[in-house]
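Encoded as structure tokens, the structure appears first; notes follow it.
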Amino acid sequence: MSNGKDFVLTHVSLLVGDQQQALEFYRDVIGLEVRQDMAFGGGRWLTVGPVAQPGIEFILENPEMVPVPEMAEASRARLASGAQSTLIFTTEDVDAVFARLRDAGVAVGQEPLTQPYGVRDCGFRDPWGNHLRFSQVLG
């Protein structure tokens, strides 16, 4: 029996309203790579991830993928009020990332700010209200 010390995180679900739009946003705008894109149970199994981390995948999940009707309805309600999951990425140049995403029209949540705990970070929202943060470790 495992005591948890051998666990490795491989997948995180990210609630989105439209998988094709999410693919275009996360691949073409954010810059993640597509890991899997295939038919799945009448829907689509679609994952993306950071190029530098081949072991982690974000499942771009929509409410139609949820098999339990009550849970699918809860997912639709979350989308209606803003999905609000959070992904935090590190980068070597947070100001350059901020400028690129702002210029691409991504909704800004926070302009770059130097934090007292040793990082400079900024924030955005995806089209469904999920928070995307980019952080640069200082000195």
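Here, each number is a calculation from the coordinates, and none is a lab measurement. Remember, predicted model here, so these are calculated numbers, not experimental data. Quick reminder, even Gly has a Cβ in these numbers, built from the backbone with ideal geometry, and neighbours come from all protein chains shown.
When the chain is fully extended, how far beyond the present Cα-Cα distance does MET38 get from GLN115, taking 0.36 nm per residue of separation?
Gain on stretching MET38 to GLN115: 23.6 nm.
Size of the dipole of the chain about the Cα centre, Lys and Arg at +1 and Asp and Glu at -1 on the beta carbon, nothing else charged, in debye to 20?
In debye, rounded to 20, the chain gives about 200.
Once you have a ≥ b ≥ c as the square roots of the Cα gyration tensor eigenvalues for region 48-113, tell me rounded if a/c is under 1.5, and otherwise prolate or oblate according to whether a/b is larger than b/c.
Here region 48-113 falls in the oblate category.
Take the alpha-carbon positions of the chain, form their convex hull, and give its projected area averaged over all directions (one quarter of the hull surface) in nm².
10.7
Could you check what % of the DSSP bridge pairs in the chain are antiparallel, to the nearest 5?
Antiparallel bridges make up about 70 percent of those DSSP assigns within the chain.
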